[in-house]
Amino acid sequence: MNKEKSAIVYYSWTGNTKIVAEVFSDLLDIPIDPIIEKKIRVSGNIPLAALSAMLGLRSTIEPLMIDLNAVTNLFVAGQVWAGHSTPAINSFIHRTDFSGKKVWLIITGADENRPEKVIQKLKSKIINKGGEVVGIYTLKTRALIGNKDIVTHEEVREPIKDWLEQSNLL
Ligand SMILES: Cc1cc2nc3c(=O)[nH]c(=O)nc-3n(C[C@H](O)[C@H](O)[C@H](O)COP(=O)(O)O)c2cc1C
């Protein structure tokens with residue numbers, strides 16, 4: 001994989017996906033860029049977040065720092081809310097031209113089961129926008145309702161490294 005033409009973008013509200021994206025960026029030695037919502041999402045407003053995801057809404061997001069035109073290997077990291085993709089990720093996918101890009105999807109979620117529905121929906125949206133989805137990585141995080149038990153860099157490093165090796169990315 002050409003590192004010069006690779007990058008990872010992520011959205012994270014409660015911190016898990018940020019950690020996961022940071023580990024990918026570190027292991028692959030590629031730039032990382034957060035997808036940031038223009039309107040600050042009030043911490044703890046779970047019902048609103050869940051509802052906005054269920055309705056398939058798109059939030060307004062800030063422009064990225066990196067130039068995606070120069071990126072052909074793109075890692076996109078997001079999460080599951082109420083069985084759906086999140087408004088910031090919906091928005092990012094909506095506004096991005098994936099033509100000529102290989103895309104790896106990284107999805108975090110607290111559920112035991114792999115979020116197949118979210119994966120398939122995001123995958124088809126990316127394919128419809130010209131991208132080629134070449135890999136999916138999912139990570140089970142811990143339920144955050146009522147606590148702040150986010151994953152640590154240390155605990156996710158080995159599983160991610162294993163997956164990257166199996167995917168011939170390391
Ligand atoms: C509003 C809300 C709804 C959620 N719904 C689900 C869900 O339906 N399925 C699931 O597996 N995890 C669900 N989760 C857990 C998150 O997907 C998980 O904590 C994820 O790692 C959060 O990413 P972040 O910390 O980067 O924001 C939900 C979390 C929130 C805040």
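The values are calculated or read from the model by the stated rules, or taken from the named source; none is laboratory data. Note that the coordinates shown come from a computational prediction; the quantities given were computed from them, not determined experimentally. With ideal geometry, Cβ positions are generated from the backbone for all residues, glycine too; neighbour counts draw on all protein chains shown. For accessibility, only protein heavy atoms count, side chains too; no ligands or nucleic acids. Shrake-Rupley method; radii C 1.70, N 1.55, O 1.52, S 1.80 Å.
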Set of aspartates and glutamates near residue 140 by C-alpha distance (under 17 Å), chain-local residues within fewer than 8 positions excluded: 22, 111, 112, 116, 149, 154, 155, 158, 162
Set of lysines with alpha-carbon distance to residue 39 below 19 Å, sequence-local pairs under 8 removed: 18
DSSP bridge pairs, the chain: antiparallel proportion in percent, nearest 5: 10
Electrostatic dipole magnitude of the stretch 3-166 [Cβ: Lys, Arg +1; Asp, Glu -1; Cα centre; debye, to 20]: 680
Alpha-carbon Rg/Rh ratio, for the stretch 1-95, with Rh computed the Kirkwood way: 0.98
Net charge of neighbours whose Cβ lies under 12 Å from the Cβ of residue 32, counting Lys and Arg as +1 and Asp and Glu as -1: -3
Contour minus Cα-Cα distance for residue 54 and residue 39 (0.36 nm per residue): 3.5 nm
Label point distance in nm, residue 128-residue 158, each placed 7 Å from Cα along Cα→Cβ: 4.1
Per-pair calculated FRET efficiency, R0 = 25 Å: residue 165 and residue 66 via Cβ, rounded to 0.05: 0.45
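Can you give the accessible area per residue of the stretch 1-94, in Å², using a 1.4 Å probe?
Values: 4430 Å² over 94 residues.
Ligands and nucleic acids excluded, the figure is 47 Å² per residue.
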Apportionment of accessible area to carbon and sulfur, the chain, percent (1.4 Å): 53
Kirkwood-Stokes translational diffusion coefficient of the stretch 3-166, alpha-carbon pairs, 25 °C, 0.890 mPa s, µm²/s: 155
Those lysines that a straight Cα-Cα span of less than 19 Å connects to residue 125, excepting residues fewer than 8 apart in one chain: 101, 102, 117
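For the chain, what is the calculated [θ] at 222 nm in deg cm²/dmol (nearest 500), taking -39500 (n - 2.57) for each run of four or more DSSP H residues and dividing by its residue count? Intermediate values should be presented prior to the final figure.
Working: 5 runs with 58 residues, N = 170.
The helix-only estimate for the chain comes to -10500 deg cm²/dmol at 222 nm.
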Dipole-positive endmost among 23, 35, 120 within the chain (Cβ charges, Cα centre): 120
